[in-house]
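Derivation of every value follows stated rules applied to the coordinates shown; laboratory data play no part. Not measured: the values here are computed from a predicted model. Note that each Cβ is placed from the backbone with ideal geometry, even for glycine, and that neighbours are counted across all protein chains shown.
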């Protein structure tokens with residue numbers, strides 16, 4: 001045994017020394033040749049725009065006249081924009097509302113569907129249905145539901161039980177919650193599918209054992225389902241956080257950022273800089289700042305949840 | 001034959017390649033940078049605003065005119081494109097260089113595009129075609145730089161007025177032939193509509209997608225004020241803007257005559273108006289086209305008057321229109337060909353009776369409005385002669401436009417610096433006044449002034 005180890009050590013050492021011919025003969029060259037197109041395409045189409053964006057954020061350009069280097073002026077402009085604080089707060093507010101009210105919905109939905117013994121495929125389909133409706137069509141439809149008149153759809157329905165009429169999108173205090181309500185409806189289905197898939201990997205013996213021990217449905221959910229879903233929940237939470245910080249379609253189509261900037265988000269601001277103002281420098285500068293922030297958030301989140309998920 | 005070096009003509013566009021200034025200056029390649037103007041040389045241009053397939057008659061008429069033009073100008077090949085101006089995608093397409101050689105875009109961009117070098121200097125071509133002298137001098141002022149160079153051709157001009165539903169007016173006991181002339185009347189009429197016609201928003205205001213700022217600018221003009229100084233160096237909003245917002249506030253919160261929807265933009269307010277649920281709204285006469293043709297609004301119910309005035313009256317109204325965007329990267333020969341095309345397509349009807357009649361007949365057959373009032377792109381005498389030619393084909397109820405067409409209000413151009421940004425920055429102000437009863441109007445205007453000055457500074461960098 002000792003002999004073998006002693007003999008193996010020098011071999012391992014020799015192998016560490018790089019030999020190009022051997023490497024090529026051993027398939028290394030083929031691997032590189034195979035990878036090159038993919039890497040190039042990825043670098044050009046994926047990293048290219050990222051780097052281009054970074055460069056643009058230090059330039060003044062309309063992409064027709066030659067670009068001028070303007071140093072940090074795009075950054076100082078977007079940071080000095082009085083609307084930035086409000087847009088950041090709005091984005092954070094949306095993220096918070098979506099986390100508190102929107103995040104648990106798909107989990108509950110998934111657990112409920114999972115508990116069903118019959119017709120679960122049907123409920124699966126029903127839960128997923130909103131995700132099939134194209135967002136633009138769904139938003140236009142909901143805009144119609146949110147009609148602020150007493151004769152509006154939601155207001156009429158709520159009127160039957162003596163509530164409202166509510167201004168929905170037409171008041172600063174209710175515009176963002178209205179958008180969150182829609183976003184929850186639209187997003188719950190596709191997220192629930194992921195949870196349902198994760199739930200199907202939970203071993204049924206655990207439930208059976210718990211049942212034998214006299215655990216009711218709530219204790220089973222609390223002590224078996226949620227711990228088993230923990231890693232999926234953490235990943236979904238991170239994805240949702242990143243997603244909510246990039247919210248654009250909903251405020252763009254529902255309110256255009258109004259009323260009085262109550263639904264103006266960071267991404268909508270970036271869009272307006274670029275495509276309304278034609279100020280690509282300012283747009284990319286704010287994008288770079290957002291990317292930095294999301295990067296930091298992801299790192300922080302990773303370290304925090306790493307501790308949780310292994311504990 | 002006139003020979004112009006490209007260097008003279010295209011000072012602004014000569015170094016157009018994206019993000020590659022130094023390379024482009026020395027690159028005679030793709031754009032033919034060293035080419036001289038030669039009106040007889042073979043040239044291919046693309047032209048936008050081709051009608052789409054769902055309007056077969058208009059498309060056929062357009063294609064016929066392309067064929068006629070090509071027959072008359074054997075060296076020019078036209079590639080029609082259905083590209084139309086769209087505020088949300090315009091900047092991206094312009095930057096990406098995917099727009100045709102010439103197409104129509106909102107006149108709002110005029111100063112910005114000239115300042116940014118995104119429009120070529122068209123003076124030599126317009127002179128060559130002898131077109132400059134015939135254009136409406138008022139509109140021409142909007143498309144010149146300080147040295148008097150002309151960068152584009154303005155067409156489809158309009159000024160803002162007040163559109164109203166004649167049917168609603170009648171139900172409210174108002175005279176449908178007497179639109180409100182002052183803002184006090186607008187307020188009183190709105191109260192009367194509210195009292196007599198349930199389920200109708202007496203007066204609606206646009207507030208989103210830059211239309212809020214656009215209309216606040218218009219109302220400020222009506223009160224005798226300005227948003228920016230004439231040179232576009234600073235924001236000068238004052239009492240007139242505050243008075244406009246105060247009126248909106250009072251109509252919303254005191255009279256409750258503005259309904260419940262405060263996130264209208266141009267499209268949605270026209271839809272609601274066509275649905276018969278709006279009494280009055282600020283619009284230009286081109287609204288008639290959309291309302292009647294696209295949304296099936298009864299033409300008999302459409303009325304439009306001049307912009308109601310505040311303060312001492314007769315202060316003026318805001319003008320707008322379309323400008324022909326020529327590609328700053330096109331060659332001199334392409335630019336000349338494009339200018340020839342515009343002259344042929346948009347202006348020949350004002351000079352040639354047969355063309356005028358043909359155009360009017362085609363439009364009438366396609367159900368398009370013929371003789372829709374607006375500001376002429378040519379001088380008034382030429383325009384009146386043209387209207388005389390097409391009179392038998394006019395299908396628009398002109399008497400319902402009388403309050404608008406009889407207007408003698410001064411016409412005021414849009415704020416010059418960062419026009420769309422300026423409008424965008426004012427949207428939230430109008431929204432705030434309409435959705436927050438206790439909003440501090442003076443403070444909102446002061447805050448907006450600060451934002452506008454930031455925008456002006458960024459635009460002037």
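Listing for the model above:
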read-out	value
Computed E for residue B:178/residue A:296 - FRET, C-beta separation, R0 45 angstrom, nearest 0.05	0.10
Selected from A:84, A:63, A:99 as most flexible by GNM, with chain A as the system and alpha-carbon contacts under 10 Å	A:63
Shielding by partners - mean other protein chain Cβ count within 10 Å, residues of A:270-280	6
Mean separation of Cα contacts under 8 Å (6+ apart) over length of segment A:80-310, as relative contact order %	26 percent
Descending principal axes extents, segment B:220-271, alpha-carbon based, whole Å	37, 27, 15
Calculated FRET efficiency for the pair residue A:129/residue A:206, C-beta based, R₀ 25 Å, to 0.05	0.25
Relative contact order %, chain B, counting alpha carbon pairs below 8 Å whose residues are six or more apart	24 percent
Two-site label geometry, residue A:226 and residue B:92: point separation in nm, points 7 Å out along Cα→Cβ	4.2 nm
P(r) of the protein assembly as shown over all Cα-Cα pairs, binned every 10 Å from zero, in whole percent	2, 11, 19, 21, 19, 13, 7, 4, 2, 1, 0, 0
Normalised contact order of segment A:169-278, rounded percent, pairs of Cα under 8 Å and 6 or more residues apart	34 percent
C-alpha long axis of helix B:332-342 to longest principal axis of chain B, angle in °	50 degrees
Bridge type composition, chain B - antiparallel percent by DSSP, nearest 5	65 percent
Packing-based exposure ordering (other Cβ within 10 Å, fewest first) of B:326, A:293	A:293, B:326
Least to most buried among B:258, A:237 (fewest other Cβ within 10 Å first)	A:237, B:258
Where only C-alpha atoms are counted, convex hull volume of chain A per residue in Å³	263 Å³
Ascending count of other beta-carbon atoms within 10 Å, so fewest first, for B:343, B:55	B:55, B:343
Calculated FRET efficiency for the pair residue A:218/residue A:89, C-beta based, R₀ 35 Å, to 0.05	0.45
Orientation-averaged projected area, Cα convex hull of segment A:148-204 (nm²)	5.8 nm²
q = 0.18, 0.21, 0.22 Å⁻¹, segment A:166-311: log10 I(q)/I(0) [Debye, one scatterer per Cα]	-1.10, -1.24, -1.28
Helix axis angle, B:419-435 relative to chain B longest principal axis, alpha carbon, degrees	20 degrees
Label zone at residue A:235, where the point sits 7 Å out along the Cα-to-Cβ direction: segment A:184-228 residues whose backbone N lies under 19 Å	A:188-203, A:225-228
Nearest 10 degrees, 0 to 90: helix B:353-365 Cα axis against chain B principal axis	50 degrees
Value at 222 nm in deg cm²/dmol, rounded to 500, when DSSP H runs of n ≥ 4 in the protein assembly as shown each add -39,500 (n - 2.57)	-16000 deg cm²/dmol
